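The block underneath contains the structure these notes are about, expressed in structure tokens.
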Amino acid sequence: MKKILSILVTIIILTGGIVYAASLTVESDSQEFKDSENKIFLEGNVKVKSGEINVTSPHAVVQIDPKNSKVNKVEFGQNAYTYAMDKGKKHEIKAQVLEMSLLNKIFSATGNTISSITEKDKPIVIVTADKQEYNKATNVMKATGNVNIVYKNIETYSNTAIVDLTQNNDVKKIQLIGNAKLHQDKNKINANKLTYDNIKEEAVAVGHVYTNMITEDNKHLEVWSDYQSYNKRSNFVTASGGTKIKYEDYTARGPKVNVYPDKSGKKLNEAIFVGRSKIETKGRTIEADRISITMNPKDFKAEGNVKSVIPNIGGMN
């Protein structure tokens with residue numbers, strides 16, 4: 001018969017002077033107590049429940065704090081799985097090794113980790129990485145190593161990612177650090193660091209930024225710079241620092257560019273360079289204090305101290 005261990009864990013959280021007590025229930029085929037190591041070894045069909053948190057694993061080790069004889073943390077191995085229901089959403093984590101700290105409610109997952117938040121069996125966000133950490137108290141998820149995030153129509157890749165969740169377990173902000181890539185619909189952004197604010201529907205990219213935006217007529221508008229931001233609501237793009245834009249046979253460079261939508265607000269249609277800039281097209285180079293490029297109709301306008309270079313206009317007899 002399966003042995004059942006029930007441990008009362010008193011967790012004191014100094015928040016408004018309230019003291020909370022949580023009951024930890026552990027089930028397994030066998031359990032071995034080692035007082036000398038302050039550990040309990042669990043083997044076979046391990047099931048752990050603490051409040052709304054549930055964990056299953058083939059085996060686990062319970063660490064006892066020798067100072068107060070209370071459970072400090074539980075480490076699960078061999079494809080551990082945990083889930084918790086909170087505000088109608090299910091938060092799941094799968095990993096080769098899973099560690100649960102009861103005191104600060106932090107989950108650490110290592111090895112082929114997959115975490116997800118679902119609502120009515122529909123995934124809201126899925127995160128895969130080499131390692132993940134979830135702090136239930138602050139609602140912050142951190143993933144490192146080959147990180148891939150799928151959220152609505154957004155897919156991201158990075159070395160490290162930090163996901164801030166709201167109190168309702170909705171995505172508030174996604175931070176991508178190191179080789180950051182964000183794909184949204186047909187548009188792509190690459191940068192050293194990239195932040196997507198879901199509340200503002202705004203992406204901010206810093207460091208070796210490259211953006212490839214697809215226009216309504218399936219043409220590429222490419223932007224290189226040190227900094228870029230894109231607001232989906234206003235459909236507005238701004239870029240600064242070594243800025244370069246390429247659109248069909250237009251290549252323009254300058255310190256800063258703003259890209260505006262057309263009158264409908266749906267299509268990116270005009271790029272305006274501010275500061276001494278230049279544009280190259282069909283062998284010509286034009287420099288000016290302000291350059292405006294429109295996509296429809298395809299045209300450009302240069303203003304302020306304009307200088308044009310037209311090579312090889314023909315030999316003289």
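So, in the stretch 121-134, of the ones that are touching a strand residue (DSSP E or B) at 6+ places or on another chain (Cβ under 9 Å) and of a type outside the set (A, V, I, L, M, F, W, C), which residue ends up modelled with the lowest pLDDT?
For the stretch 121-134, the residue satisfying everything is 121.
Residue by residue, here is whether (1) assigned to a strand (DSSP E or B); (2) of a type in the set (Phe, Trp, Tyr); (3) touching a residue at least 40 places away in the same chain (Cβ under 8 Å); (4) surrounded by fewer than 19 Cβ atoms within 10 Å (Cβ to Cβ) holds:
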| position | (1), (2), (3), (4) |
| --- | --- |
| 157 | yes, yes, no, yes |
| 200 | no, no, no, yes |
| 203 | yes, no, no, no |
| 206 | yes, no, no, yes |
| 209 | yes, no, no, no |
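Can you pull out the residues in the stretch 298-312 that are more than 20 Å from residue 219 (Cβ to Cβ) and in a strand (DSSP E or B)?
302, 303, 307, 308, 309
So for the stretch 275-291 (the condition being small (Gly, Ala, Ser) and surrounded by fewer than 17 Cβ atoms within 10 Å (Cβ to Cβ)), does at least one residue qualify?
Checked against the condition, which is being small (Gly, Ala, Ser) and surrounded by fewer than 17 Cβ atoms within 10 Å (Cβ to Cβ), the stretch 275-291 yields at least one hit.
Which count do you get for residues in the stretch 246-297 that are in a loop (DSSP other than H, G, I, E, B) and at positive phi?
Here the count works out to 4.
Looking only at residues in the stretch 239-274 that are crowded, with 17+ Cβ neighbours inside 10 Å and of a type in the set (Val, Ile, Thr), which one is nearest to residue 216 (Cα to Cα)?
Here the answer is 259.
Are any residues in the stretch 75-94 free of Cβ contacts under 8 Å to residues at least 40 places away in the same chain and among the β-branched types (Val, Ile, Thr), and if so, which ones?
82
Take the conditions among the charged types (D, E, K, R) and buried (at least 16 other Cβ atoms within 10 Å of the Cβ) and apply them to residue 43. Does it pass?
For residue 43, the condition - among the charged types (D, E, K, R) and buried (at least 16 other Cβ atoms within 10 Å of the Cβ) - is not met.
The values are calculated or read from the model by the stated rules, or taken from the named source; none is laboratory data. From a predicted model like this one, the values you see are computed outputs, not experimental measurements. So basically every Cβ, Gly included, is an ideal-geometry build from the backbone, and we count neighbours across all protein chains shown.
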